[in-house]
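Below is one structure, written out as structure tokens; comments come after it.
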Amino acid sequence: MKTSILVTGGAGFIGSHTCVALLDAGHEVVVLDNLCNSNAAVVRRIGEICGREPVFIEGDIRDGTLLKSLFQDHQVTAVMHFAGLKAVGESVQQPLAYYENNVSGTLTLLNAMQNANVRTMVFSSSATVYGNPASVPITEDFPRSTTNPYGATKLVIEDILADLYQAEPDWRLARLRYFNPVGAHTSGFIGENPSGVPNNLMPFIAQTAAGLRGELIVFGDDYDTPDGTGVRDYIHVVDLADGHVAALDYLQRKAGLLTVNLGTGRGVSVLEMVSAFETANHCKVPYRISDRRPGDIARCWADTRLAHQLLGWKARRTLEHMCLDSWRWQQSLQG
């Protein structure tokens, strides 16, 4: 039996692209996903991209019995953990659901791993654990804080992993703090497909350009930034997936607790992104300025030197790639 990487949430946006990167790197992959924010058809599309499909198990990380049988039936050597609820606004409205799914689910998963003697995990954390940073770029030793329950769940899980490593130093754990994933696979087969009104900028831009929404809402143009709109570090999802494979390679070489930022190291404003999308795809994105959203910050981008130093990884795809691939994916959704 070949060894496998378990990818929780592997049918989701970032998880699916990481499955492609893992398969391309020669790994066997087992996907566990409850499909609460994804579609089983994504697994077939991964197979079309790679020439072979991952094993797919529909289920929940909170199901300890299922996890026990999964680890018994598949020779899993490591876990990529993406499964979790991720909408900031929803987390404010439903905090118990976020703590129960994200934190309790991770505890159930870690217990199952411990019982199966699988001690390698790459965890999907977030730059949201930095709260409102005092300066930019953000390094990994910045103070952590949070302004919403979603961010709090990421912070709590980071602490759980640190405590686990302190107690049992033979664990191999990575906490990958990534910034703003955008784009899609160049094939146009997989990408971000949010239900309802998008929470993230790029799908909102793409849907507006496609005529599915009348206009893009720009939340605030009075920030202390060059054009007054919020500045973020947007990273192509394929670069992000490659960062996960690099982190796994690192952990397979040595035990430890790895914490790194995954971003481009460059900030892009909302209006810069709109302009880049219009230029790359020869289209118009009508927009309207609205009030700031509560909790939004002015500027946020990564210092990525540590990821390059430890993992030999850096983001390679440009803003143009992000815009072109996002638009190709949006067009594929519309047939």
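The values are calculated or read from the model by the stated rules, or taken from the named source; none is laboratory data. Here the structure is a predicted model, which is why all the values come from computation and not from measurement. Cβ atoms come from the backbone with ideal geometry, glycine included; neighbour counts cover every protein chain shown.
Annotations
- Spans of strands (runs of 3 or more DSSP E) in the stretch 196-285 with at least 1 residues of a type outside the set (V, I, T) and out of contact with any helix residue (DSSP H, G or I) (no Cβ under 7 Å at 6 or more places or on another chain): 216-219, 256-262
- Count of the stretch 155-195 residues, restricted to those that are part of a loop (DSSP other than H, G, I, E, B), within 14 Å of the chain's Cα centre (by Cα) and of a type in the set (D, E, K, R), is 1.
- Of residues in the stretch 71-111 being assigned to a strand (DSSP E or B) and β-branched (V, I, T), the one nearest to I61 (Cα to Cα): V79
- Of all residues in the stretch 287-306, one or more are assigned to a strand (DSSP E or B) and touching a Lys or Arg at 6+ places or on another chain (Cβ under 6 Å).
- Residue match in the stretch 226-239 (condition: within 15 Å of M273 (Cβ to Cβ), at pLDDT 95 or above, more than 19 Å from the chain's Cα centre (by Cα) and surrounded by fewer than 16 Cβ atoms within 10 Å (Cβ to Cβ)): yes
- Residues of the stretch 202-215 satisfying the condition of being of a type in the set (A, V, I, L, M) and crowded, with 22+ Cβ neighbours inside 10 Å: M202, I205, A206, A209
- Scope the stretch 85-115; condition among the hydrophobic types (A, V, I, L, M, F, W, C) and within 22 Å of L258 (Cα to Cα); matching residues: V103, L107, L109, L110, A112, M113
- Residues that are in contact (Cβ under 8 Å) with a residue 60 or more places away in the chain, over 20 Å from A162 (Cβ atoms) and surrounded by 20 or more Cβ atoms within 10 Å (Cβ to Cβ), drawn from the stretch 86-115: K86, S91
- Of the candidates G267, G312, the single residue that is out of contact with any Cys (no Cβ under 7 Å at 6 or more places or on another chain), buried (at least 20 other Cβ atoms within 10 Å of the Cβ) and at pLDDT 95 or above is G267.
- Looking only at the stretch 4-39, residues that are in contact (Cβ under 8 Å) with a residue 60 or more places away in the chain, part of a loop (DSSP other than H, G, I, E, B) and buried (at least 22 other Cβ atoms within 10 Å of the Cβ) come to 3 in all.
- Of the residues screened, E140 is one that is of a type outside the set (G, A, S), part of a loop (DSSP other than H, G, I, E, B) and more than 18 Å from A78 (Cβ to Cβ).
- Among the residues making up the stretch 315-335, those that are among the aliphatic types (A, V, I, L, M) and either within 9 Å of A184 (Cα to Cα) or without any contact (Cβ under 8 Å) to a residue 60 or more places away in the chain (or both) are M322, L324.
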